[in-house]
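Visitor: One structure, as structure tokens, below. Some questions next.
Every number in this text was worked out from the coordinates using simple rules, so none of it is lab data. Quick caveat: nothing in here was measured; it's all calculated off a predicted structure. Cβ: placed from backbone, ideal geometry, glycine included. Neighbour counts: every protein chain shown.
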Amino acid sequence: MKIHPFIFSWKGHYERALALEKIFLEIFGRVTVINSEEEYRPDHWINLTDEAYFAEQFVTACNLLDGDIMFHVQADVSYSDWSSVVEAAKKYYEKFQYGIYAPNIDFTTCTQVNFEKFQINGEPNLKFVNVTDCSAWFINQSIIRYFKKFEQPYLEAKYGWGICWCLSAISLTLGLPIFRDYTFTLQHPNFTNYNKTLAGEQGKDFFEYIKKWDIRTFKNIITLKKRNAKEVLLKLNKV
């Protein structure tokens, strides 16, 4: 299992990105930082413009991916023991061949309150969920390959809303499980510095594109809150 770690950095997060980069270099021996802050532009980073928000950063990462798993972390996420998170991600990939694996996070709209979660036999802290957060997650390369046909319309969703739904839907379309691991709770600030109304409108436009060109994936998006993943769950609990 080859993991390619990515850090997304933007204005005001240079020091945080540097600190994460150091940690991930120690764990993996490599890391790709995709930066959209024009004031700080280390030569070894992938440097975009200040106008590059999440969508452009994510598509850039997809095109640079060199591994079985993309590990993407936002620079404003923090945790005290990243090595344990990585080891758990490796363990569960070997055991379950997941589509998406994510540690729990303290602030996210994708919470256990408003999304289904199911117990996995023998794994008390690991939950099978229908969608997970996109602040820190491990993504199977097969999902990234499938997502490539959506890259161009996703770039129009500048602020990046909809990606966790889209990739989770692709994972279920491919029959791959989605996990949230409650062994870990990462820290993430409860605010944004962009226009959330516009971001939501862009996300809806992106979903309309998916509906037009890939109805199976779109159906998984609109039914993620329902128990549409029973077959995957039953398969998991037989492992």
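Visitor: Run through region 1-96 and list the trypsin sites (Lys or Arg not before Pro) located in a DSSP loop whose Cβ has at most 13 other Cβ atoms within 10 Å.
Guide: For trypsin sites (Lys or Arg not before Pro) across region 1-96 that sit outside H, G, I, E and B with at most 13 neighbouring Cβ atoms in 10 Å, the list reads LYS2, LYS11, ARG30.
Visitor: In the neighborhood of ALA75, defined by Cβ-to-Cβ distances under 11 Å, what is the net charge if each Lys or Arg adds +1 and each Asp or Glu adds -1?
Guide: -2
Visitor: Separate question: How large is ³J(HN,Hα) for each residue in region 18-30, as worked out from phi by the Karplus curve 6.51 cos²θ - 1.76 cosθ + 1.60 (θ = phi - 60°), to whole Hz, x for Gly and Pro?
Guide: My calculation for region 18-30 gives 4, 5, 5, 4, 4, 4, 6, 5, 5, 7, 9, x, 7 Hz in order.
Visitor: Ok, one more. Give me the aspartates and glutamates in straight-line cross-link reach of LYS22: C-alpha distance below 17 Å, same-chain residues under 8 apart excluded.
Guide: The qualifying aspartates and glutamates are ASP43, ASP76, ASP81.
Visitor: Which aspartates and glutamates have a Cα lying under 19 Å from the Cα of LYS117, excluding residues fewer than 8 positions away in the same chain?
Guide: ASP106, ASP133, ASP181, GLU231
Visitor: Okay, moving on. For the pairs LYS148/LYS204; LYS127/LYS196; LYS95/LYS211; LYS11/LYS91, note any where the Cα-Cα span goes beyond 23 Å. Working shown, then result.
Guide: Working: LYS148/LYS204 19 Å; LYS127/LYS196 29 Å; LYS95/LYS211 33 Å; LYS11/LYS91 35 Å.
LYS127/LYS196; LYS95/LYS211; LYS11/LYS91, as the Cα separations exceed 23 Å there.
Visitor: Tell me what the chain gives for mean residue ellipticity at 222 nm when only DSSP H runs of n ≥ 4 count, each as -39,500 (n - 2.57), the sum divided by the residue total, rounded to 500 deg cm²/dmol. Each step should come with its number before you reach the end.
Guide: Working: 9 runs with 97 residues, N = 239.
Taking each H run of at least 4 residues, the total per residue is -12000 deg cm²/dmol.
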